[in-house]
Every structure is written in C-alpha cells, then in structure tokens.
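Structure first, commentary second.
The values are calculated or read from the model by the stated rules, or taken from the named source; none is laboratory data. Not measured: the values here are computed from a predicted model. As a convention, Cβ positions derive from the backbone with ideal geometry for all residues, glycine included, and neighbour counts pool all protein chains shown. Calculation scope for accessible area: heavy atoms of the full protein, side chains included, ligands and nucleic acids excluded. Shrake-Rupley method; radii C 1.70, N 1.55, O 1.52, S 1.80 Å.
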Amino acid sequence: MRRRILCLLCALALAAALFPSALAAEDVCFTAINDNVLPLTADSMPTWSSGTLYVPYSVFDAGSTGISLGTSSIYNRYSGTVSVFSLRQVLIFDLNRGSCYNQHTGEALRGRAIIRNGKAYLPAAMVCSFFGLNPPSYLSTPYGYLVRITNPDQATLSDARFIDAASANAIQRRLREYNQSLQAQEDPEPSTQQPGTAVPDPEPTMIPTYLAFRCGTGQAGQAIAGTLEQNSAVGLFFFPAEEVGRQGALIRRLLAKGHSVGILAWGGSLDETRELLSLGSRALETVAHSRTYFALAPDSQHQGLEEDGWSCWKTGTDGVPDGSLSAYSHALTTVRALPKRDSARITLDDSAASAEALPYLLRQLRERQYAVTVPRETRF
C-alpha cells in the first residue's frame, strides 16, 4: 500500500512539472478541425458568451489553419465585418450592428460575432449549420476541454476515438508548446543595454500605402498573390469585366487572403464604362459571391461614377517596370518618387516584370517606413 501511494505521489509530481497548476484543465480549451489539433494560444481559445460557444473566425479559413472545411473567412477591421464563404454561399457578420445575413439571399439570420482579445469570434454551431458541417463537439480531455469542428466528408475518427488518439500525442504536444511559450514570456532574455546608454527613439509614424494591380496581362497574378502573402501585405486587384469569369480561382484566393477586388473598365464614354462595370460586377457575384465598389476607369469619368456609388482608384505613382532598369533599381526609383507624408498609392500590373520587382518594392517600402495597408472605399 505504501509503495502504491509513493508511486501516485511521483506521478502527480511529474504531471505538475509537465503542466503547471496555472493551466488547470478548466482553464485550457483546445481546438481541433477534423482529425487535427490546432496550436494553442492564450488569446485564441474557444469561449462561451451568453450560453453560445464561439471560436475565432480563422478556424473557418483554410488559408490560416492549413486544414480545409470547405470554407474561407476574412475579417475586415475597417468595415467591422467578417465574411465566411464557400463556393456556393457567403455569410456576413456585421460587428457594428451585431447582426448577420446570407449575402446571396439577403436573409437576416440569428447570430452575431463578438470581439475577444482583439480577435473576431463567431458562433460555432450557427456557422457549422449554415455551411453543412457537423455540429461542433465540446469534449473533455485529461488536459482540458476541446472544441472539435468536422466536415462530414473528411473526419475519419469518432469523437471518442479522436480523444483517445490525440491525448496520447497531439494534445500533449500542443500543451507543451503552449507552456514553453508562456515560460518564454515570463523569462525574457536579459537586456544587453549598458547603464547610461541612450534609449533609441521609437519608430517614426508609418505612411499608409496602397498597392493596386491592373490584371490585364494574365501573366503572373498567382505569383504576385504569393509574394504578398509571404510578406503579409495586401493589395487591390482590378480585373477587366471579360476576365472576371476566367480568373475565378485567383479571385477567390485573393478574397480569402484579405485582398480587395475591383473592376477595370475603360469605356470610351461614361455610359460604356458603366456597362462594363455592371458586367464585371455580375461576373464577380457569380464566381466569388462577392460585390465590389472599386473601379479603375478614365480620370475624366470619375465624378460621374462616384455619383453612382463607385470608388475610383487614382493612379498615384506608376510602378509598372518599363524594362530600362533592373528589378531592384526600379523598386528603389519607385519608392523614392512617393510622397513623404499623408498616404501613398502605387499602381502596378500583373506582368512577369511587376512580379519580379514586387519583392524588392515591398522591402524598400518597409525600410523607408511605408506601411502597405488594406484599401477601403473611403480611404483613398
């Protein structure tokens, strides 16, 4: 009997070493998608509000999690909306109004998004039901609770079998990584600053900068999107009306990653441009279930189009390479031509030359305190 008590005490001591008391089971909530446990962070755990289970909006974004539920999601902080969409449906949450609706039908739905730790959270059961996913599971594990969201076509394990399999490896690993991140925050590296050394000035205010791409060549749109994603940058992509239908895959990728899409319409008259914008808008709704108010049109037609409700892009600095300079030199020349205050706009195209220059351009913008930011109808 005494030996059994000693063994139990040793086991408890080992558990305490692995999982500190601050992380009691009731304080930790994991998230799993299909048969995968996501990384655990303090500011992105599922939470309850007014009896409703909420999860971060990014749970429904395959680009963020690397695991597909057949959905993508975008949080637009400027407009205060969260969009969740599949190939057939779009669900919009308006944080400012506390409402949500089916964008395709306009039907108002019961449910709202909330903000927790600066992140947008969505009602898990409501979103799952809308997109035909299984109802979310709220499960108890030896290391805390776990919310599991599954696609009927992709999950291979029942909840019970998943918990047994994940507890032995994945959940422990995620908890260990979480503990290590907390320990790193509590024990930062000692400062190397010598006594009496002047503290450097804070970074100067960054200049908001907007990037637009005329997608008329069809050469390198995917490559440009990849470069922007690698650099956590966003842009505004203008497609000719006749190209929207052919570029559906690229457009859906851009919208899923937080970029904006507009229509390039260069009619000889205002009425011709209006017709092109109308054609492009209808095509965009077909391929991406999305609407836009961005237009790239002749300067002389901006006033009439803006009276119609369009937000017209003003070219600003032309960043399209002409072949006379290397990619690096062209990027340097472009940034040097930008305004030094207020905001800056750069217009490129989707050519291979623009794709080659873009990495250098983004680096030069960062080094010279230009912050590439999300375009919005009222910002430029």
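The table below gives the values:
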quantity: Exclusive hit being within 19 Å of His259 (Cβ to Cβ), open to solvent by less than 80 Å² (accessible area, probe 1.4 Å) and not in a strand (DSSP E or B), set Leu332, Leu362; calculated: Leu362
quantity: Selection count, region 52-89, where residues are at pLDDT 90 or above and either touching a His at 6+ places or on another chain (Cβ under 9 Å) or under 25 Å from Gly144 (Cα atoms) (or both); calculated: 10
quantity: Of residues in region 69-83 being closer than 15 Å to Ala256 by Cβ and in a loop (DSSP other than H, G, I, E, B), the one most open to solvent (accessible area, probe 1.4 Å); calculated: Gly70
quantity: Near pairs, Cβ below 7 angstrom, 6+ apart or cross-chain, from region 333-359 (free of Cβ contacts under 8 Å to residues at least 60 places away in the same chain) to any residue that is of a type in the set (Gly, Ala, Ser) and open to solvent by less than 60 Å² (accessible area, probe 1.4 Å); calculated: Thr334/Gly319; Glu356/Ala327; Ala357/Ala327; Ala357/Ala331
quantity: Subset tally (residues that are in contact (Cβ under 8 Å) with a residue 40 or more places away in the chain, surrounded by 15 or more Cβ atoms within 10 Å (Cβ to Cβ) and not hydrophobic (A, V, I, L, M, F, W, C)) for region 84-110; calculated: 3
quantity: Scope region 249-278; condition hydrophobic (A, V, I, L, M, F, W, C) and open to solvent by 40 Å² or more (accessible area, probe 1.4 Å); matching residues; calculated: Ala249, Trp266, Leu270, Leu276
quantity: Candidate set: region 293-305, residues that are open to solvent by less than 20 Å² (accessible area, probe 1.4 Å) and in a loop (DSSP other than H, G, I, E, B); chosen: the one farthest from Leu255 (Cα to Cα); calculated: Pro298
quantity: Residue identified as open to solvent by less than 60 Å² (accessible area, probe 1.4 Å) and not in a strand (DSSP E or B) among Ala371, Ala357; calculated: Ala357
quantity: Options Ser281, Ser290, Ser324; residue that is part of a loop (DSSP other than H, G, I, E, B), touching a residue at least 12 places away in the same chain (Cβ under 8 Å) and either under 27 Å from Arg246 (Cα atoms) or open to solvent by 40 Å² or more (accessible area, probe 1.4 Å) (or both); calculated: Ser290
quantity: Unique residue being modelled with pLDDT of 90 or more, of a type outside the set (A, V, I, L, M) and open to solvent by 40 Å² or more (accessible area, probe 1.4 Å) when the list is Arg246, Arg176; calculated: Arg246
quantity: Residue tally, condition over 20 Å from Glu285 (Cα atoms) and charged (D, E, K, R), over region 210-257; calculated: 1
quantity: Residue match in region 149-164 (condition: out of contact with any helix residue (DSSP H, G or I) (no Cβ under 7 Å at 6 or more places or on another chain), over 26 Å from Val127 (Cβ atoms) and without any contact (Cβ under 8 Å) to a residue 40 or more places away in the chain); calculated: yes
quantity: Residue match in region 36-49 (condition: open to solvent by less than 30 Å² (accessible area, probe 1.4 Å) and under 20 Å from Pro152 (Cα atoms)); calculated: yes
quantity: Scope region 249-270; condition more than 20 Å from Leu211 (Cβ to Cβ) and out of contact with any Leu (no Cβ under 9 Å at 6 or more places or on another chain); matching residues; calculated: Ala249, Gly268, Ser269
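To keep it simple, each residue is scored yes or no on (1) touching a Ser or Thr at 6+ places or on another chain (Cβ under 9 Å); (2) farther than 18 Å from Cys128 by Cα.
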{"residue": "Cys29", "(1), (2)": "yes, yes"}
{"residue": "Asp35", "(1), (2)": "yes, no"}
{"residue": "Leu38", "(1), (2)": "yes, no"}
{"residue": "Asp43", "(1), (2)": "no, yes"}
{"residue": "Pro56", "(1), (2)": "yes, no"}
{"residue": "Ser68", "(1), (2)": "no, no"}
{"residue": "Thr81", "(1), (2)": "no, yes"}
